[in-house]
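For reference, the structure is listed below as structure tokens.
The values are calculated or read from the model by the stated rules, or taken from the named source; none is laboratory data. Since the model is a prediction, treat every value here as computed from it, not as a measurement. Counting neighbours? That spans all protein chains shown, and the Cβs are built from the backbone with ideal geometry, glycine included.
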Amino acid sequence: MKKALLALLFIFRLYVPVMAQEGDYYDPSFLRYENHVYNRNIKTVIFEQSGVPLSDPVINLKSNEKLTLSFDDLGEEVSDYSYRIIHCDKNWQPSVLSESDYIGGFYTDHITNYKQSFNTIQHYFHFKLEFPNENLYPLISGNYLMVVFDNSDPDKIVLTRRFWVVENIASIETNIHRATEIELRNSHQEVDIKVNTGSLKIGNAYSDAQLVIVQNNNQSMAISDLKPQFVLDKELDYNYDEGNVFQGGNEFRNFDIRTIRFKTQYIEEFSMDPVSKITTVELKPDQRRGTQRYSTEDDLNGRYLIKVYEGREGDLEGDYLKVKFKLPVLEPFENGQIYLYGQLTNWEITPEAKMQFDPDNNQYFNELYLKQGYYNYEYLFVPNNSKKPEIAETEGQHYETRNDYAIFFYTREPGTRYDKLSGYRKTGN
């Protein structure tokens, strides 16, 4: 009965907030159709294919594939959480479908799997959800948003996470290489794509099909306005010299805090607060890499792995540490701000990720509260009055950089009211 009442409530609520999105965006409780954490007690959110670490949350429709959502709640008492899913169009706006069109089972479901941490200074509850399941599962392909909320108050959103359900009808071929344009050849990468539409019925490939290319999970810099340059029978050719070009960037920086018994490569020192017993990790000062030559270094393309050396279960035995970042500069950046970026900031440009300038030491600094593990990160420069980050000044630009690319192919077939995700490919250069 409780689930049924909640479902009726959400049918009413689903479209109401959307009408007022523009003005409410900076309200902490405003529902964003993107990856976001709404509660400061929620940390270390991971959403990936079950059993495939470091993967994207993408599954095939009507398959046995699963996604695993996990997160920590640092609250003193365990909370009661539920979740729902929202089908979105190709541009991540709620689709016109009703929940019964895209949800099988209940419209909401409880998250019942949680455990308490042990052998840690920071107490937390570790939650885990495997999805889809018999209680709630998607009926159609496309973009989806998972919304986790406090069951005692459905208006209290805890976190949102994007995921994708794909029908691999179309096949995607990629050719990733240094940019063709002369002025970009040493700094950018070009992603040429061919799509075979297979059995899809597409009336107009220029209006009823859309290709989206995402580099290293950076949704804010995705390319989504490409039209096929050539259409030949069932083949769509997206082979451009510009428009499908990404900044090469640099390999991500890293640090290892899987142990606090000894210093790993980029750790300067450890210190423990005598009262709270929480450990602070001070990283070695970073360097601006804007003028440095490219150097190969293995990375996770911005992601992290939760693990501890002195324990078997990093999810439950990993402690939280205060990690201090430092970026010395000759003078502060003008006309913009510096931000930490990667999965450790939820792939977001947030106030918590903003680096502060210390004029006494001529350096930017910040501190994040992170769980033990192995982390990647980078520094981004965001110009004033812009949402487009730049990387050349802080990290450098190199065509040789090894990057991941996710390609999503959407179609709107005649007589349908939603954007089908008809093809997906994850690849790298």
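Can you pull out the residues in segment 356-379 that are out of contact with any helix residue (DSSP H, G or I) (no Cβ under 8 Å at 6 or more places or on another chain) and surrounded by fewer than 22 Cβ atoms within 10 Å (Cβ to Cβ)?
Answer for segment 356-379, where residues must be out of contact with any helix residue (DSSP H, G or I) (no Cβ under 8 Å at 6 or more places or on another chain) and surrounded by fewer than 22 Cβ atoms within 10 Å (Cβ to Cβ): 356, 357, 358, 359, 360, 361, 362, 363, 365, 367, 369, 374.
Which one of 145, 159 is of a type outside the set (D, E, K, R), farther than 27 Å from residue 415 by Cα and not in a loop (DSSP other than H, G, I, E, B)? Step through it out loud before you land on a result.
Working: 145 fails: farther than 27 Å from residue 415 by Cα.
Exactly one residue qualifies, and that residue is 159.
Checking residue 309 against (1) hydroxyl-bearing (Ser, Thr, Tyr); (2) farther than 26 Å from residue 363 by Cβ; (3) out of contact with any Lys or Arg (no Cβ under 8 Å at 6 or more places or on another chain), which test does it fail?
(3)
(1) surrounded by 15 or more Cβ atoms within 10 Å (Cβ to Cβ); (2) not assigned by TED's automatic domain parsing to the domain that holds residue 225: which one isn't true of residue 244, the others all being true?
Result: residue 244 passes all but (2).
Those residues that are at pLDDT 95 or above and either in a loop (DSSP other than H, G, I, E, B) or polar (S, T, N, Q) (or both), I need them from segment 398-419; list them, please.
Within segment 398-419, the subset at pLDDT 95 or above is 398-411, 418-419.
Passing the criteria: 398, 399, 400, 401, 402, 403, 411, 418, 419.
Listed here are the residues, each with its yes/no results for (1) farther than 26 Å from residue 33 by Cα; (2) in contact with a strand residue (DSSP E or B) (Cβ under 7 Å, 6 or more places away or on another chain); (3) not polar (S, T, N, Q).
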| site | (1), (2), (3) |
| --- | --- |
| 110 | no, yes, yes |
| 165 | no, yes, yes |
| 168 | no, yes, no |
| 182 | yes, no, yes |
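Can you spot a residue in segment 209-217 that is within 17 Å of residue 425 (Cβ to Cβ), touching a residue at least 60 places away in the same chain (Cβ under 8 Å), in a loop (DSSP other than H, G, I, E, B) and not aromatic (Phe, Trp, Tyr)?
Yes, there is a match, as at least one residue in segment 209-217 is within 17 Å of residue 425 (Cβ to Cβ), touching a residue at least 60 places away in the same chain (Cβ under 8 Å), in a loop (DSSP other than H, G, I, E, B) and not aromatic (Phe, Trp, Tyr).
Given the condition over 26 Å from residue 349 (Cα atoms) and surrounded by fewer than 17 Cβ atoms within 10 Å (Cβ to Cβ), answer yes or no: does some residue in segment 184-195 qualify?
Yes, segment 184-195 has at least one match.
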